[in-house]
Amino acid sequence: MSIVTDIKKAAAKALQALYNVNINEADVLVNSTKPEFDGDYTIVLFAFVKQLRKSPEILGKEIGDYLMANELQLFSRFNVIKGFLNLTIKDTYWLHFLSSQYNNAAYGVQAHNGTRVMVEYSSPNTNKPLHLGHLRNNFLGWSTAEILKASGNEVVKTCVVNDRGIHISKSMIAWQWFGNGATPENTGIKGDHLVGDYYVMFNNEYKKEVEQLISKGASKEEAEQQAPIMEAARQMLVDWEKGKPEVRDLWQKMNSWVYKGFDETYQRIGTDFDKVYYESNTYLLGKDLVEEGLQKGVFYRKEDNSVWVDLTADGLDEKVVQRKDGTSVYITQDIGLAEQKQKEYNIQQSIYVVGDEQNYHFKVLKLICQKLGLPSADGIHHLSYGMVELPTGKMKSREGTVVDADDLLDEMVKIAAQKTEELGKIKDFNEDELKELYNTIGIGALKFFILRVDPKKRMVFNPEESIDFHGFTAPFIQYTYARIKSILRKENSAIQAANTGNVLLPLEKELIVQAEQFPTIIAEAAEAYDPSKVAVYIYNYAKTFNSFYTEHSVTNAESAEKKNLRLQLCVLTAHIIKTGMCLLGIEVPERM
RNA sequence: GGCCCCGUAGUUCAAUGGAUAGAAUAGAAGUUUCCUAAACUUUAGAUACAAGUUCGAUUCUUGUCGGGGCUACCA
């Protein structure tokens with residue numbers, strides 16, 4: 001139960017008592033009071049003015065008087081400016097909150113509420129290594145899953161590996177043609193990068209062949225169709241589907257290189273899954289649902305034997321769900337997998353972390369599932385995120401303008417090391433500790449940079465300028481944490497639960513007010529599937545702590561009560577920072 | 001062509017229809033006998049444009065201009 005909820009309840013009660021009107025507490029608008037006014041929280045009165053036919057000033061005064069008289073434990077004073085009723089909460093309320101929660105390391109985390117949610121994220125193709133765009137997906141998916149857990153859901157993290165299809169066939173062909181038996185072992189190249197190199201080689205060769213054919217008089221379309229390497233890749237896909245042993249062996253071998261490479265990267269960035277689906281196992285799912293859909297009249301068959309769904313009544317197009325040759329298209333297996341997930345895990349919600357270029361696809365997917373009456377249908381939610389762009393524009397693999405994930409992580413750690421050494425505070429760190437610290441700072445900075453932005457929005461990553469360790473960044477927050485821990489290491493004496501005095505200085509109070517909001521923030525972030533809410537909150541909270549830290553001494557506080565109070569504040573702040581950063585997948589160092 | 005999304009300080013990001021549009025960074029000026037200056041304090045700087053709805057619009061509606069995405073019997 002949050003203080004804001006209490007205020008809303010009290011306001012609804014006041015309105016009932018004073019004017020005999022029934023106002024839903026959810027309709028009472030309560031904001032944080034702007035710093036330039038006196039108060040902690042503000043009730044916005046405009047909404048009631050018309051209905052009650054009273055001026056905002058009088059309304060505010062009457063409600064304020066009522067609250068002072070009837071909610072003695074909550075409010076100490078109020079003022080009314082225009083339509084805003086500014087309320088000040090009693091210091092004793094805040095002090096009690098602090099004393100009761102400071103020692104709760106799990107503060108902000110809710111108990112299980114019985115809802116089970118699946119979060120599908122990462123879902124890579126196995127023909128090339130991860131790049132910056134995949135990192136946003138991974139950070140977002142992992143963090144959203146953790147936030148959902150913290151707000152009381154049981155979460156199943158899952159990944160659908162796109163391990164079959166024309167893309168991997170391309171890498172395989174290029175490897176056969178140009179590889180000379182290259183392996184990660186004999187080249188020293190990380191497996192996913194090695195396979196990606198052959199994908200690039202495929203495209204280079206393909207381009208060359210197309211140009212040659214065009215110079216011999218073929219049209220562009222003909223050339224693209226007839227290029228020998230493309231024909232070979234298509235044949236390889238056919239052979240794969242037939243289960244031709246050599247092809248399957250090569251496929252397995254090359255995929256295993258990729259998985260090993262991915263695992264390394266995943267480990268570095270903390271990505272993990274409870275369940276992994278492979279498309280080579282799931283791509284035939286959904287075929288029976290096509291039959292079912294035909295019987296239910298959701299789908300219809302055209303003369304050429306292809307099967308369609310008509311979504312024009314819902315403002316969308318007609319969509320094919322089975323080709324005329326009887327093979328299924330991408331969306332068919334998605335429908336099948338949606339059903340499979342539901343059957344296997346009995347989930348209430350199924351979240352797909354996928355880029356916004358697939359908005360239409362997921363609209364269609366959900367609609368079809370609903371029309372088929374699948375129990376999982378209404379729980380489908382596309383967590384759509386914007387592309388990561390470079391200052392020069394969108395990243396394109398073919399034009400070589402991708403920021404490789406492994407390279408970027410290396411670069412971040414390198415810069416973290418360099419900046420840390422410049423500051424010269426690490427004399428008593430050993431080598432392992434330094435390595436860990438550089439990882440914590442460098443990878444933390446990257447995660448925070450990406451997660452602090454609203455997922456829905458496109459974002460720009462500038463390799464030169466985006467790598468910052470000051471201001472609105474993870475290292476800022478990590479530094480705040482390290483300074484708190486430094487204080488707490490020095491203060492061995494037990495912190496008392498009581499004995500915190502009864503008056504709060506402005507910065508002491510501000511810290512508690514913000515701390516009290518933490519569970520609400522987590523709930524909002526979970527509701528919106530938006531880790532940036534947590535990132536912004538933790539940053540602001542750390543900022544308040546830094547002001548407090550500069551202004552007031554903890555160890556040399558002016559009285560024993562103040563020292564005890566501030567130690568409680570330190571402990572609570574450390575817990576909140578650690579928990580909040582943990583929800584973002586970012587570690588916090590004891591020293592830095 | 002049709003459908004969808006986005007235009008906020010030089011730059012990168014905020015702002016459930018609410019008070020004087022917040023941060024960070026880059027710029028200017030300060031703070032270290034005192035718990036870590038990766039910090040703190042002060043300062044200057046923005047809602048693409050035009051109408052409309054409203055007591056009140058960055059937010060909702062319409063139009064203009066600018067940017068992006070989707071619109072495959074590809075995945």
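Legend: residues A:Glu146, A:Glu422, sorted from most to least accessible area (1.4 Å probe; ligands, DNA and RNA excluded), read A:Glu422, A:Glu146. Annotation: amide H-H contacts under 5 Å for A:Val161 (H modelled 1.01 Å from N, sequence separation of 5 or more, or interchain): A:Tyr277, A:Tyr278, A:Glu279. Select from A:Val554, A:Val453, A:Cys582 the residue farthest towards the positive end of the dipole of region A:405-583; place +1 on Cβ of Lys and Arg, -1 on Cβ of Asp and Glu, and compute about the Cα centre. In region A:405-583, that residue is A:Val554.
The figure for A:Tyr102 is an accessible area of roughly 20 square angstrom, using a 1.4 Å probe on the protein chains alone. Ordering of A:344-355, A:555-566 by packing is A:344-355, A:555-566, highest average first (other Cβ atoms within 10 Å, averaged per residue).
For chain A, find the longest principal axis of its Cα atoms and tell me its angle to the long axis of helix A:166-178, 0 to 90°, nearest 10. Helix A:166-178 sits at roughly 60 degrees to that axis. Accessible surface for A:Ser151 stands near 30 Å², nearest 10, in the context of the full protein assembly shown (1.4 Å probe). Across region A:583-592, coupling constants 3J(HN,Hα) worked out from phi with the 6.51/-1.76/1.60 Karplus curve, θ = phi - 60°, read 5, 8, x, 10, 7, 10, x, 6, 9, 7 Hz, and Gly and Pro carry x.
With every protein chain kept in place and ligands, DNA and RNA left out, what is the accessible area per residue of chain A? Probe 1.4 Å, answer in Å². Show your work: numbers first, answer last.
Details: 27640 Å² over 592 residues.
Solvent-accessible surface per residue comes out at 47 Å².
Below 9 angstrom from the Cβ of A:Val309, what's the summed charge of the other residues (Lys, Arg +1; Asp, Glu -1)? Result for the local shell: 0. With Rh defined as the Kirkwood radius, the inverse of the mean 1/r over Cα pairs, the Rg/Rh of region A:496-592 is 1.01.
For the pair A:Glu436 and A:Ser215, a Förster radius of 41 Å applied to the C-beta separation gives a FRET efficiency near 0.10, rounded to the nearest 0.05.
Work out how much length A:Tyr107 to A:Glu561 would gain on full extension: take 0.36 nm times their residue separation and subtract the Cα-Cα distance, in nm to one decimal.
161.1 nm
Charged side chains reduced to their Cβ positions (Lys and Arg at +1, Asp and Glu at -1) give region A:1-70 a dipole of some 300 debye around its Cα centre.
Structural size metrics of chain A, computed from C-alpha coordinates, are Rg and Dmax of 29.3, 93 Å. About its Cα centre, region A:290-334 has a charge dipole of approximately 100 debye under the convention of +1 per Lys or Arg Cβ and -1 per Asp or Glu Cβ, with nothing else charged.
Taking only alpha carbon atoms, region A:3-89 gives an Rg to Rh ratio of 0.91, where Rh is the Kirkwood radius. Each of A:Asp325, A:Asp410, A:Asp6, A:Asp334 has its accessible area taken with a 1.4 Å probe; listed largest first, they run A:Asp325, A:Asp410, A:Asp6, A:Asp334. Evaluating 6.51 cos²θ - 1.76 cosθ + 1.60 at θ = phi - 60° for every residue in region A:352-369, the Karplus couplings come out as 10, 8, 9, x, 6, 5, 9, 3, 5, 4, 6, 4, 5, 4, 4, 4, 5, 4 Hz, glycine and proline recorded as x.
Most simply put, chain A has about 55% antiparallel DSSP beta bridges, counting only bridges with both residues inside it.
All C-alpha to C-alpha distances of region A:165-282, sorted into 5 Å bins beginning at zero, yield P(r) values of 2, 11, 18, 20, 17, 14, 10, 5, 2, 1, 0 percent in whole numbers.
Computed over neighbours whose Cβ is under 12 Å from that of A:Trp177, the net charge equals -1, Lys and Arg +1, Asp and Glu -1.
Taken along the Cα-to-beta-carbon direction at a fixed 7 Å, the label points for A:Glu57 and A:Leu316 span 5.6 nm.
Over chain A, DSSP H runs of length four or greater, each weighted -39,500 (n - 2.57), average out per residue to a 222 nm ellipticity of -18000 deg cm²/dmol.
By the scheme Lys and Arg +1, Asp and Glu -1, what is the net charge of all other residues having a beta-carbon under 15 Å from that of A:His112? Working shown, then result.
Values: positive: A:Arg116, A:Lys149; negative: A:Glu146, A:Glu154.
Once positives and negatives cancel, what remains is 0.
Rounded to the nearest 10 square angstrom, A:Arg268 shows an accessible area of 80 square angstrom against a 1.4 Å probe.
Write down, largest first, the equivalent ellipsoid semi-axes of region A:218-358 in whole Å, where each equals the square root of 5 times an eigenvalue of the alpha-carbon gyration tensor. Could you put the intermediate results ahead of the total?
Values: eigenvalues 170, 140, 53 Å².
Each semi-axis is the square root of five times an eigenvalue, giving 29, 26, 16 Å.
Solvent-accessible area assigned to carbon and sulfur over chain A amounts to 49 percent, based on a 1.4 Å probe.
The values are calculated or read from the model by the stated rules, or taken from the named source; none is laboratory data. No experiment lies behind these values; they were computed from the predicted model shown. We place every Cβ from the backbone using ideal geometry, glycine too, and count neighbours over all the protein chains shown. Areas reflect the complete protein model, heavy atoms only, side chains present, ligands, DNA and RNA absent. Shrake-Rupley method; radii C 1.70, N 1.55, O 1.52, S 1.80 Å.
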